[in-house]
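The values are calculated or read from the model by the stated rules, or taken from the named source; none is laboratory data. Since we're looking at a predicted model, the values are computed, not measured. Note: ideal-geometry Cβ built from the backbone for every residue, glycine included; neighbour counts use all protein chains shown.
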Amino acid sequence: MSKDPLLQPYQLKHLTLKNRIMITSHEPAYPEDGMPKDRYRAYHEARAKAGVALTMTAGSAAVSRNSPPVFNNILAYKDEVVPWVKRLTDACHDHGCAVMIQLTHLGRRTHWNKGDWLPAVSASHEREPAHRAFPKKVEDWDIQRIVQDYADAAERMKAGGMDGIELQAYGHLMDQFWSSLTNTLEGPYGGSLENRMRFSVEVIDAVRERVGDDFIVGIRFTADEDLEGGISEEEGLEIARRLKATGKIDFLNVIKGHIDTDPGLTDVIPVQGMRNAPHLDFAGKIREEIGLPTFHAAKIPDVATARHAIAEGLLDMVGMTRAHMADPMIVRKIAEKREEDIRPCVGATYCLDRIYQAGDALCIHNAATGRELTMPHEIPPAGQRKKVVIVGAGPAGMEAARVAAERGHDVTVFEAAPDAGGQIRLTTQSERRREMISIIKWRMEQCLARGVKFHFNTFAEVNDVTSEKPDVVIVATGGMTHTDVLTEGNDLVVSSWDIIAGDVKPGKRVLVYDDAGDHAALQAAEVIAKSGAHVEIMTPDRSFAPDVMAMNLVPYMRVLQDKDVRFTVTYRLKAAKRSGNMISAVIGTDYSAHTEEREFDQIVVNHGTIPLDELYFELKPNSKNLGAIEQESLIFGRPQPLDRNPDGAFALFRIGDAVSARNTHAAIYDALRLVKDL
Ligand SMILES: Cc1cc2nc3c(=O)[nH]c(=O)nc-3n(C[C@H](O)[C@H](O)[C@H](O)COP(=O)(O)O)c2cc1C
Ligand code: SF4
């Protein structure tokens, strides 16, 4: 038997967990009609199959109707949830994986304009900045009903075959009662800690009475809000002692911090560039002081840190949640001593940011995550080995090369630059975004292990490609920055890439004009602001950097707000004119005829890319399919038809930004879904 601390079983009351790695509760926003249907089941089943010991499903499954599903939560208050839960638990149990679910009442952390349009409730009228509902202050009859709602939901989950539940008490109703910052009640539920905990204790009593002793009941709670006037570490420890004293709690899942604002949330769930495992020692301290089984997750992306957490007795179960979104097969790869094959989570937090802005969690570089019903995590071998030539080694080209190589094809890659990476290399010019390079590094290692041939510093021409006698050519040449957006003075502006790459020195008084809304503008602004210049970021949109999204914005703002940076929304840069040593920016707006002119010594434009598609169009007439990608075949996983040109010599496909400016995930998904059927 393996001596690896991570692979030792753990006895949680009557339940044996087969190793020490768990997925903590997270709502990927996959429910359909509020139910965990096939997509949801397939997502968890893929991870169960690959060996994770415990998957804590849902995130914030709602126990009450007045906990509106603000990020498409599972509706645990409906009886119809039971059969869906049963299908999910059966599927995971078949692989020896324990399954639990997080239940909650969101309190004020939601909005009344979702679900049944009931007012949010909390222990005060204070609005949560992140979700913005002004809650109703709970009355006695609200409390009585919600306590019963918890017990009803717990009973449904037991009926659905769950091994246990986790109550959520950080940023949600339970700890809104606990924290003096969010509890202005008087009488039995406000004032002393005993009163502030009364609601939780009533819930725990009601739940335990309903589910009995042979069911796991734990709590995920903030043991230190890290907020002036909120739950301190001392109070957090006292809360933990009182929870233990109920004798009805089987595990603690430790959180440090508060989630009522985007920056608060980002400190609880750190993104790339932030420290790994920042709260691990704190969780260890709670374990030592309280002595209950202790779980914890917060940016423990690598096996070495996870192993340390268990080996040093800091945790009983270590959460690797985003790590499992990036690679469901972590446990299997550890067991098979293939840790170097684990696809690394790069902390991009595209997954979490998307649940609010785009409606479901997707991993920036694993396009099969959340698409288990249609996309493979393990690439099946092809029936016939083909010669595949790929032009471009950015994220699209590298994913195409990896997948083609895993299919068993003979793969050659041409790349004009000296290294692979494309735009990712530019991104990693920022110290904070260095982790992104693993998207390329991991693919490179996978490719080299499968004999992919790379030709760097090679600007491939038609002859370079055709002399390889390819069966398939994939053009993934990416795009070039596009700054020709002004009616006059396009020659006076530079691109965000020029600044990020260090090709152009920052000016002193700089306008960063961004109508792409992605990372590049903020990244350029950061470089310029750090040089000591005055920076104005202007966008014609209603808000700036919409594609960067909430948690990813936090590290930028922490730098930019500390410098001389101004943000201007709803104004459009129309033209630029030379004005002595300065450049006069002609600024208008889409809303009115208003125009004004202001002077800067540098104007930086961020307007996405235009495709580098010359090679594709040169190859097109010689191809069997004339470059066409048949959409139904692409979407429904069938091989591409190649019957447009009987004289064609090879199949030709174009993917990623060589088609149109999109993002890393789109580029990788383009490649995976095309190449998996080659
Ligand atoms: C898409 C997504 C949704 C999440 N939703 C919840 C949630 O509803 N409840 C919860 O307690 N934690 C939630 N989390 C937080 C995770 O449980 C975990 O604490 C966090 O991702 C940090 O762990 P990691 O670094 O291993 O990913 C969510 C995380 C992600 C990525
Ligand atoms: S999007 Fe980023 S943080 Fe989320 S799982 Fe993928 S690599 Fe990890």
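Considering Asp547, Asp541, Asp590, Asp562, which residue is more than 30 Å from His258 (Cβ to Cβ), acidic (Asp, Glu) and part of a loop (DSSP other than H, G, I, E, B)?
After ruling out the rest, the residue left standing is Asp590.
So is Ala42 more than 16 Å from ligand 2 (Cβ to nearest atom), touching a residue at least 24 places away in the same chain (Cβ under 8 Å) and assigned to a strand (DSSP E or B) or not? Spell out how you get there, then give the answer.
On the way: more than 16 Å from ligand 2 (Cβ to nearest atom): yes; touching a residue at least 24 places away in the same chain (Cβ under 8 Å): yes; assigned to a strand (DSSP E or B): no.
So Ala42 does not fit the description; no.
Only one of Arg108, Arg65 is buried (at least 24 other Cβ atoms within 10 Å of the Cβ), in a loop (DSSP other than H, G, I, E, B), modelled with pLDDT of 95 or more and not hydrophobic (A, V, I, L, M, F, W, C). Can you tell me which? Break it down into steps so the answer makes sense when it comes.
Values: Arg65 fails: buried (at least 24 other Cβ atoms within 10 Å of the Cβ).
Exactly one of Arg108, Arg65 is buried (at least 24 other Cβ atoms within 10 Å of the Cβ), in a loop (DSSP other than H, G, I, E, B), modelled with pLDDT of 95 or more and not hydrophobic (A, V, I, L, M, F, W, C), namely Arg108.
Can you confirm whether Val52 is part of a helix (DSSP H, G or I), on the phi < 0 side of the Ramachandran plot and not polar (S, T, N, Q)?
Working: part of a helix (DSSP H, G or I): no; on the phi < 0 side of the Ramachandran plot: yes; not polar (S, T, N, Q): yes.
Criteria not met by Val52.
If you go through the range 18-39, how many residues are crowded, with 21+ Cβ neighbours inside 10 Å and part of a helix (DSSP H, G or I)?
0
Report, ordered by the first and then the second residue, all pairs with beta carbons closer than 6 Å, sequence separation of six or more or different chains, a first member in the range 181-206 that is assigned to a helix (DSSP H, G or I), and a second member that is modelled with pLDDT under 95 and acidic (Asp, Glu).
Close Cβ pairs satisfying both conditions: none exist.
Go through Ala223, Ala245, Ala240 for me and flag whichever is buried (at least 24 other Cβ atoms within 10 Å of the Cβ), away from ligand 2 (no atom under 16 Å from the Cβ) and either farther than 25 Å from Glu139 by Cα or at pLDDT below 95 (or both). Explain how you work it out, then say what you get.
Details: Ala245 fails: buried (at least 24 other Cβ atoms within 10 Å of the Cβ); Ala240 fails: buried (at least 24 other Cβ atoms within 10 Å of the Cβ).
Only one candidate passes the filter, namely Ala223.
Would you point out which residue out of Ala76, Ala62, Ala46, Ala91 is within 16 Å of ligand 1 (Cβ to nearest atom), among the aliphatic types (A, V, I, L, M) and over 23 Å from Leu106 (Cβ atoms)? Spell out the reasoning first.
Values: Ala76 fails: over 23 Å from Leu106 (Cβ atoms); Ala62 fails: over 23 Å from Leu106 (Cβ atoms); Ala91 fails: within 16 Å of ligand 1 (Cβ to nearest atom).
Within the list Ala76, Ala62, Ala46, Ala91, the selection yields Ala46.
Considering only the range 294-349, how many residues are away from ligand 2 (no atom under 15 Å from the Cβ), within 21 Å of Thr57 (Cα to Cα) and part of a helix (DSSP H, G or I)?
2
Tell me which residues, restricted to the range 371-402, are in contact with a Pro (Cβ under 9 Å, 6 or more places away or on another chain) and either in a loop (DSSP other than H, G, I, E, B) or crowded, with 17+ Cβ neighbours inside 10 Å (or both).
Taking the range 371-402 as the starting set, the residues that turn out to be in contact with a Pro (Cβ under 9 Å, 6 or more places away or on another chain) are 372, 377, 386-389.
Those that are in contact with a Pro (Cβ under 9 Å, 6 or more places away or on another chain) and either in a loop (DSSP other than H, G, I, E, B) or crowded, with 17+ Cβ neighbours inside 10 Å (or both): Glu372, His377, Lys386, Val388, Val389.
For Asp515, indicate whether it is within 20 Å of Asp657 (Cα to Cα), acidic (Asp, Glu) and surrounded by 15 or more Cβ atoms within 10 Å (Cβ to Cβ).
Values: within 20 Å of Asp657 (Cα to Cα): yes; acidic (Asp, Glu): yes; surrounded by 15 or more Cβ atoms within 10 Å (Cβ to Cβ): yes.
When the stated conditions are applied, Asp515 passes them.
Which ranges mark the strands (runs of 3 or more DSSP E) fully within the range 430-501 that have 2 or more residues being touching a residue at least 24 places away in the same chain (Cβ under 8 Å) and in contact with a Ser or Thr (Cβ under 6 Å, 6 or more places away or on another chain)?
Details: elements: 453-455, 472-475, 479-481.
Result: 479-481.
Restricted to the range 69-98, and to residues that are more than 22 Å from the chain's Cα centre (by Cα) and among the aliphatic types (A, V, I, L, M), which residue is surrounded by the fewest Cβ atoms within 10 Å (Cβ to Cβ)? Talk me through it step by step, then tell me what you get.
Going residue by residue through the range 69-98, those that are more than 22 Å from the chain's Cα centre (by Cα) are 75-98.
Those left that are additionally among the aliphatic types (A, V, I, L, M): 75-76, 81-82, 85, 88, 91, 98.
Working: Leu75: 23, Ala76: 30, Val81: 24, Val82: 16, Val85: 27, Leu88: 28, Ala91: 18, Ala98: 23.
Residue satisfying both the conditions and the ranking: Val82.
Between Pro301, Pro293, Pro270, Pro278, which is away from ligand 1 (no atom under 14 Å from the Cβ) and either within 26 Å of Phe199 (Cβ to Cβ) or within 24 Å of the chain's Cα centre (by Cα) (or both)? Show your work before the answer.
Values: Pro301 fails: away from ligand 1 (no atom under 14 Å from the Cβ); Pro270 fails: away from ligand 1 (no atom under 14 Å from the Cβ); Pro278 fails: away from ligand 1 (no atom under 14 Å from the Cβ).
Only one candidate passes the filter, namely Pro293.
Give the residue that is farthest from ligand 2 (Cβ to nearest atom), with candidates limited to residues of the range 350-391 that are within 11 Å of the chain's Cα centre (by Cα) and acidic (Asp, Glu).
Among them, the one singled out is Asp360.
Whether any residue in the range 434-444 is touching a helix residue (DSSP H, G or I) at 6+ places or on another chain (Cβ under 9 Å), surrounded by fewer than 16 Cβ atoms within 10 Å (Cβ to Cβ), farther than 23 Å from Ala521 by Cα and not hydroxyl-bearing (Ser, Thr, Tyr) is what I want to check.
No, the range 434-444 contains no residue that is touching a helix residue (DSSP H, G or I) at 6+ places or on another chain (Cβ under 9 Å), surrounded by fewer than 16 Cβ atoms within 10 Å (Cβ to Cβ), farther than 23 Å from Ala521 by Cα and not hydroxyl-bearing (Ser, Thr, Tyr).
Condition check: touching a Cys at 6+ places or on another chain (Cβ under 7 Å), within 15 Å of ligand 1 (Cβ to nearest atom) and on the phi < 0 side of the Ramachandran plot. Does Cys351 satisfy that? Lay out the reasoning, then the answer.
Working: touching a Cys at 6+ places or on another chain (Cβ under 7 Å): yes; within 15 Å of ligand 1 (Cβ to nearest atom): yes; on the phi < 0 side of the Ramachandran plot: yes.
So Cys351 passes the test.
Yes or no, residue by residue, for (1) of a type in the set (A, V, I, L, M); (2) closer than 17 Å to Arg210 by Cα; (3) surrounded by fewer than 21 Cβ atoms within 10 Å (Cβ to Cβ); (4) in contact with a helix residue (DSSP H, G or I) (Cβ under 8 Å, 6 or more places away or on another chain):
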| residue | (1), (2), (3), (4) |
| --- | --- |
| Trp141 | no, no, yes, no |
| Asp149 | no, yes, no, no |
| Ala154 | yes, yes, no, yes |
| Gly161 | no, yes, yes, yes |
| Gly191 | no, no, yes, no |
